[in-house]
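Down below is the structure, laid out as structure tokens.
We did not get these values from a lab; they are worked out from the coordinates using the rules stated. These numbers come from a predicted model, not from an experiment. Neighbour counts are summed over all protein chains in view; Cβ atoms, including those assigned to glycine, are modelled from backbone coordinates with ideal geometry.
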Amino acid sequence: MMKLQKSGVILDRVKETYHLKSDKKLAEFLDVKASTVSAWRSRNSLNYDLILNKCKKIDLNWLFYSIDDKSTLNQNDYYDINQQIPQNYYIIPPLFEKDKKNGNKISEKIEYEDIHNKIILPVDFITHKLKSNPEDLFSYINMGDSMSPLLEDKDHVVVNTSFKKPNDVGVYVIKVNNLLSCRRLQAIPGDRIQITCDNKAYSSFIVDNNVRDFVIIGKVLWYCHKL
């Protein structure tokens, strides 16, 4: 197993990759205080989740381990101190992080029991099977039984946020009155959308596509749940 680099070296490599000339600029890039970066250096500690989320285009083997160049290590040699993430896998962050860099939450009510849960999928699967750009994907935890039996309570789904119109029938994450939910959408004449729950105990309804307080966040492409 390769030796994990000291936090100062990792931070310097982030600065090098993103052309950040000072620790102050590094702190701004990572959305932390300058004193936090200073503490990481002095204590040889890091918020690895934050680094992984912010540095998606860096060769992680080069970033974290004691090698002099960006050569590829054997996949079995790659380990993170907090989570085991093989090379060529992508960490899909929670949906609320989509607008975090703009200082906004995608919903005022975050319904996650654990917002640190992340889905990790092979990049090849994302690009060839899901036919998506990894950076368009976010995870969401379905709440309730309105989409049962397809989606059960607390099922994890992967949402492609580049889909903003229901051009084909499918399951989407929508925001209505600032609350997120999974629903089946179908475009109908008159620039309207039919919103349906798979659970027949819930009624369907129709909205105008441009109505206030209704937003299509993205299309659900993949889901998983416990058997």
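Cross-link pairs exceeding 28 Å between alpha carbons, from the set Lys54/Lys219; Lys25/Lys56; Lys21/Lys175: Lys21/Lys175. Between the alpha-carbon centres of the stretch 1-51 and the stretch 135-180 there is a gap of 34 Å. Charged neighbours of Ser132, selected by a Cβ distance under 13 Å, balance to 0 (K, R count +1; D, E count -1).
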